[in-house]
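One structure, pasted below without further comment.
The values are calculated or read from the model by the stated rules, or taken from the named source; none is laboratory data. Here the structure is a predicted model, which is why all the values come from computation and not from measurement. Ideal geometry is used to build each Cβ from the backbone, glycine not excepted, and the neighbour counts take in all protein chains shown. For accessibility, only protein heavy atoms count, side chains too; no ligands or nucleic acids. Shrake-Rupley method; radii C 1.70, N 1.55, O 1.52, S 1.80 Å.
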Amino acid sequence: MYAPYFGLSREPFSLAPDPRFLFMSERHREALAHLLYGVGGGGGFVLLTGEIGAGKTTVARCFLEQLPPHCDVAYIFNPCLSVIELLQTVCSEFGLPALAPGASVKRHVDALNAYLLDAHARGRHALLVIDEAQALDAAVLEQLRLLTNLETAERKLLQIVLIGQPELRTMLAQPGLEQLAQRVIARYHLGPLTAPETRHYVEHRLAVAGLNRPLPFDAAALAAIHQHSAGVPRRINLLADRALLGAYAQQRPGVDRGMVQHAAQEVFDPAPVGAGWGRWLSGPGRSWAAAVFALLLLGGGLAWLGRPAAPVDEAPAVALASPGVGEAAALAASGVDDASRASPVAAVPAPAADGLPELLSAAHRDEALAWRELALRWNVSIGDGDPCSVAAQAQLACFKSSTGGLAQLRQLQRPALLVLRQGTQPRVHAVLVALDARQATLQVGARSFQVPLAALAGVWRGEFATFWRTPPGWRPGLDAAGRVWLQAQLAQAMPEAAASPPRSQADQVAAFQLLQGLPVDGQAGPLTLMQLNRSTGVEEPRLLQPPER
């Protein structure tokens, strides 16, 4: 309803699990790292808990997407099952043929054991994930514990991940489930977002929804959102959505603290059944409801045409810096000064689509040209020939990702070559040089393009490439000299762990991966080495923060 009024292309705070709105805070990344680390532990239970709406499902989906290809997953989202129903569901999820009606628990366990032994012989890893696990009956939990007894001489055959609300921790603390609790090899409780994370969360969802103007929430409103939502993402969504609806109803350009407080009363302190409309139509709510009703009757009014009710000044969505003109000059030329950037109602940029054709027109069709521009940021001239082969002579390696997207780029914090495509047009390439919560700066030759992330999402599907500085003895893979270098770097990156190092270098690598929010496999691959270089101060170019617009 209010999306066109605020210049949005879609509802920003829908409760639907739209992957385009994925936001991974530091806590979410830590939770994901614990899950991945637990799966590498070779059996037993992994536990993830969190308040309702804290983002457990988001983490679980990311976790399932990052599992290695040799994992076979059975996923149970309705745990209100008896013991026999649970076994039937697990067997079905793993693709086992159904047993005859009335088959006993033993027959189901035998069939599952045969399947797990065969999977182990084929090099497969079986994983059972149970969501909403706080609803499991004690007898079902005990049966799950017994399933982890299925093993060979070397390892457990089944790994079980339990995801649930805080009550699950209380359940496992009961004396009757002590044996199960002792088999939990990794656990994480997903806490709420901090106040800065709440702001970033709101900014992120609005940017994905197409916001190309100043944030419609002032600082006091954002503080109130964090206060009333307690940093729980689902509550943030409910509250921000209702506050924007209130601003739209009153034809206000933005949301202040008072509007958030009123929205919190409506969302979190509802009137008794039968009194909802009376409360909504009394006091401040009356003006909101009346305004919404009037706008609905207008039908073809300004808000429904997608234009704000009050005129605003427009500025370009993509700021271009021609050769010899700095980014500050380009920003000044756009007409956006410091005062207008601080105001939530001034200097609304034009739709991002108006500037994208210039970027796409300027971008390189020849990928090698973009590689050469990227190499210059490493003070390396690679000239003609295959870019990766030439760069190897300067102790640089190419890293390519087809699905990493913004999350991985933020983690790596290094310039990257982005692959862009609009519709059925040919692929083109530009170099990402700066990135913040709302916009990216892309370089093509001497020209810089500042692009809102929502606009970038229309022409970029997460595919990127970058360089990284290789360690001594990289072939790829580390030789003896490289392993010595790795040991020294790990000691520098984790001085506390160096005092009492784990038994093997692989354990130390796994510990570092866990701390960095990387997939935990104990292998020093390119992603791990890039983060190790960053942690220990190896000289490499970094992404910048785009200038304020």
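Which ranges mark the helices (runs of 4 or more DSSP H) fully within segment 190-268 that have 3 or more residues being among the small types (Gly, Ala, Ser) and over 30 Å from Ile163 (Cβ atoms)? Give the steps one after another, and end with the answer.
On the way: elements: 195-208, 219-229, 233-249, 257-268.
The helices (runs of 4 or more DSSP H) meeting that bar are 219-229, 233-249.
Could you count how many residues in segment 52-110 are assigned to a loop (DSSP other than H, G, I, E, B) and either open to solvent by 20 Å² or more (accessible area, probe 1.4 Å) or of a type in the set (A, V, I, L, M, F, W, C) (or both)?
Here is the first cut: in segment 52-110, the residues assigned to a loop (DSSP other than H, G, I, E, B) are 52-55, 66-70, 77-82, 94-104.
Those left that are additionally either open to solvent by 20 Å² or more (accessible area, probe 1.4 Å) or of a type in the set (A, V, I, L, M, F, W, C) (or both): 52, 54, 66-70, 77-78, 80-82, 94-104.
Residues in segment 52-110 being assigned to a loop (DSSP other than H, G, I, E, B) and either open to solvent by 20 Å² or more (accessible area, probe 1.4 Å) or of a type in the set (A, V, I, L, M, F, W, C) (or both): 23 in total.
Looking only at segment 226-263, how many residues end up being farther than 18 Å from Met1 by Cα, open to solvent by 10 Å² or more (accessible area, probe 1.4 Å) and either of a type in the set (A, V, I, L, M, F, W, C) or touching a helix residue (DSSP H, G or I) at 6+ places or on another chain (Cβ under 8 Å) (or both)?
Of the residues in segment 226-263, 10 are farther than 18 Å from Met1 by Cα, open to solvent by 10 Å² or more (accessible area, probe 1.4 Å) and either of a type in the set (A, V, I, L, M, F, W, C) or touching a helix residue (DSSP H, G or I) at 6+ places or on another chain (Cβ under 8 Å) (or both).
Taking into account only those residues within segment 117-145 that are open to solvent by 50 Å² or more (accessible area, probe 1.4 Å) and not in a helix (DSSP H, G or I), which is farthest from Leu48 (Cα to Cα)?
My answer is Arg122.
For segment 33-51, give me each residue that is open to solvent by less than 10 Å² (accessible area, probe 1.4 Å) and either charged (D, E, K, R) or out of contact with any Lys or Arg (no Cβ under 9 Å at 6 or more places or on another chain) (or both).
Ala33, Leu35
Right, next: Please state which of the following conditions Arg410 fails to meet, knowing it meets all the rest: (1) in a helix (DSSP H, G or I); (2) open to solvent by less than 70 Å² (accessible area, probe 1.4 Å).
In the conditions (1) in a helix (DSSP H, G or I); (2) open to solvent by less than 70 Å² (accessible area, probe 1.4 Å), Arg410 misses (2) alone.
Does Ala430 satisfy being part of a strand (DSSP E or B), in contact with a helix residue (DSSP H, G or I) (Cβ under 7 Å, 6 or more places away or on another chain), of a type in the set (Gly, Ala, Ser) and surrounded by 21 or more Cβ atoms within 10 Å (Cβ to Cβ)? Lay out the reasoning, then the answer.
Working: part of a strand (DSSP E or B): yes; in contact with a helix residue (DSSP H, G or I) (Cβ under 7 Å, 6 or more places away or on another chain): yes; of a type in the set (Gly, Ala, Ser): yes; surrounded by 21 or more Cβ atoms within 10 Å (Cβ to Cβ): yes.
Yes.
Tell me yes or no: at least one residue of segment 466-481 is modelled with pLDDT of 85 or more and under 26 Å from Arg27 (Cα atoms). Walk me through how you get there before you give the answer.
Taking segment 466-481 and keeping what is modelled with pLDDT of 85 or more, we get 466-471.
This time we only want the ones that are under 26 Å from Arg27 (Cα atoms), so: none.
Checked segment 466-481: no residue is modelled with pLDDT of 85 or more and under 26 Å from Arg27 (Cα atoms).
Right, another one. Can you run down the residue pairs with Cβ atoms below 7 Å, 6 or more apart or on separate chains, where the first is in segment 88-106 and at pLDDT 90 or above and the partner is of a type in the set (Asp, Glu)?
Phe94/Asp72
Checking Ala397 against (1) more than 22 Å from Gly445 (Cα to Cα); (2) modelled with pLDDT of 85 or more; (3) in a helix (DSSP H, G or I): exactly one of these is not met. Which one?
The one condition Ala397 does not meet is (3).
Give all pairs with beta carbons closer than 6 Å in which a residue from segment 2-15 that is among the small types (Gly, Ala, Ser) meets a residue that is part of a loop (DSSP other than H, G, I, E, B) and surrounded by fewer than 20 Cβ atoms within 10 Å (Cβ to Cβ); count only pairs at least 6 apart in sequence or on separate chains.
Close Cβ pairs (under 6 Å, with a partner that is part of a loop (DSSP other than H, G, I, E, B) and surrounded by fewer than 20 Cβ atoms within 10 Å (Cβ to Cβ)) amount to Ala3/Glu11.
Moving on to the next point. Could we say that Ala153 is among the small types (Gly, Ala, Ser), at pLDDT below 90 and open to solvent by 60 Å² or more (accessible area, probe 1.4 Å) here? Give the derivation first.
Details: among the small types (Gly, Ala, Ser): yes; at pLDDT below 90: yes; open to solvent by 60 Å² or more (accessible area, probe 1.4 Å): yes.
Yes; evaluated as a whole, the condition is true for this residue.
Just checking, how many residues over segment 170-197 are closer than 20 Å to Leu146 by Cβ and hydroxyl-bearing (Ser, Thr, Tyr)?
Adding up the residues that qualify gives 0.
Next up: Looking only at segment 194-211, which residues are open to solvent by less than 10 Å² (accessible area, probe 1.4 Å) and at pLDDT 90 or above?
Thr198, Val202, Leu206
Suppose we keep only residues that are touching a residue at least 40 places away in the same chain (Cβ under 8 Å) and open to solvent by less than 60 Å² (accessible area, probe 1.4 Å) within segment 168-182. Which one would you say is farthest from the chain's Cα centre (by Cα)? Walk me through it before giving the result.
If we filter segment 168-182 for residues that are touching a residue at least 40 places away in the same chain (Cβ under 8 Å), which is where we start, we get 168-169, 172, 180.
Within this subset, residues satisfying the condition of being open to solvent by less than 60 Å² (accessible area, probe 1.4 Å) are 168, 172, 180.
Values: Leu168: 25, Leu172: 29, Leu180: 31 Å.
Across segment 168-182, the extreme among qualifying residues is Leu180.
Out of (1) open to solvent by less than 10 Å² (accessible area, probe 1.4 Å); (2) out of contact with any Lys or Arg (no Cβ under 7 Å at 6 or more places or on another chain); (3) at pLDDT below 90; (4) of a type outside the set (Phe, Trp, Tyr), what's the single condition that is false for Thr148?
The failed condition is (2).
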